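The values are calculated or read from the model by the stated rules, or taken from the named source; none is laboratory data. Please read these numbers as outputs of a predicted model, since none were measured by experiment. Counting neighbours? That spans all protein chains shown, and the Cβs are built from the backbone with ideal geometry, glycine included.
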């Protein structure tokens with residue numbers, strides 16, 4: 001354990017998160033705690049929590065230069081004079097990071113195909129160094145009529161920062177493959 | 001004019017788009033046709049059409065490696081064996097490209113702050129070389145009660161490919177600044 005995290009040090013959940021999960025890593029290792037998931041492994045009410053990811057200022061700016069070139073996403077100095085009083089990530093960057101944390105956690109066999117998203121909201125801004133994680137809840141599962149080897153899941157993803165503040169919520173439907181031969185208990 | 005585009009050549013709207021708008025450019029020049037927009041310049045029913053952008057395979061793969069590492073977004077060979085029968089862009093990549101085309105077209109003074117998105121849908125996949133543009137319609141405008149120097153617009157963004165097929169739809173609310181001193185006719 002890093003000696004800066006001791007009983008005499010003020011509790012800093014962001015520092016603890018960063019130490020536990022790897023602050024500012026460019027790529028995250030695939031967790032080996034979750035085997036490949038199929039539709040048959042999921043049921044309504046099941047919950048998952050992703051690993052965490054610290055958002056570097058550099059990545060906020062790179063994403064904005066490419067996809068959302070607005071001053072509060074591009075430059076710390078000019079962002080100070082904006083409504084946000086500092087650099088913040090594009091909401092689409094938060095959405096993309098959420099996808100990465102979600103898909104790496106649930107690790108669907110053959111992948112999950114997004115059918116659509118409802119109520120995508122960004123109630124709090126993401127700032128440089130924020131450590132995000134995603135909480136997923138399965139809201140509903142149903143078989144696909146048109147693709148009998150797939151099922152449809154409806155899920156809610158809630159993305160939180162190191163203080164537990166919600167930075168994004170969304171509800172989505174996704175098409176995921178069924179296990180050949182039917183249900184097998186997930187590990 | 002490229003000599004392959006002549007009267008004896010089959011009409012290829014994708015090629016025409018690419019020649020007109022710059023196929024595969026890494027960055028697009030800011031159009032100088034639109035001055036900075038304020039809330040006061042917008043009214044219900046006003047429509048805009050963005051410039052076009054051709055999506056390179058390389059960019060599809062780069063985005064997927066970073067944010068949506070699923071085989072149908074990562075690798076043309078393994079994507080052939082997927083439900084898509086070939087490489088397709090992540091829906092979140094399509095959303096990010098849409099943001100870029102939208103924000104560069106509308107060019108809001110001081111920026112536009114996304115308050116939330118409803119009914120984000122991807123009815124057709126985006127494939128390498130597809131040339132996308134965004135059609136924006138202002139659905140509603142209203143003053144902000146909490147921020148009197150801003151207004152709220154509700155808008156619909158429809159993203160189409162070179163064949164006119166819809167690849168993304170969404171409805172969004174955004175907070176945009178008012179012009180100091182009230183309405184001035186937009187150019």
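Rundown of residues vs (1) under 23 Å from residue B:66 (Cβ atoms); (2) under 12 Å from the mean Cα position of the chain (by Cα); (3) more than 13 Å from chain B (Cβ to nearest Cβ), yes/no style:
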{"position": "A:102", "(1), (2), (3)": "yes, yes, no"}
{"position": "A:107", "(1), (2), (3)": "yes, no, no"}
{"position": "A:126", "(1), (2), (3)": "yes, no, no"}
{"position": "A:129", "(1), (2), (3)": "yes, no, yes"}
{"position": "A:133", "(1), (2), (3)": "yes, yes, yes"}
{"position": "A:137", "(1), (2), (3)": "no, no, yes"}
{"position": "A:157", "(1), (2), (3)": "yes, yes, no"}
{"position": "A:160", "(1), (2), (3)": "yes, yes, yes"}
{"position": "A:167", "(1), (2), (3)": "yes, yes, no"}
- request: Name, by its number, the condition in (1) farther than 16 Å from residue B:70 by Cβ; (2) touching a strand residue (DSSP E or B) at 6+ places or on another chain (Cβ under 7 Å) that does not hold for residue A:114.
  value: (1)
task: Tell me, yes or no, whether segment A:119-133 has at least one residue that is over 24 Å from residue A:61 (Cβ atoms) and without any contact (Cβ under 8 Å) to a residue 60 or more places away in the chain.
output: yes
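In this structure, is residue A:82 within 9 Å of chain B (Cβ to nearest Cβ) and at pLDDT 95 or above?
In short, no.
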- line: Within segment B:42-70, of all residues that are closer than 28 Å to residue A:150 by Cα and surrounded by fewer than 17 Cβ atoms within 10 Å (Cβ to Cβ), the one farthest from the other protein chains (Cβ to nearest Cβ) is B:57
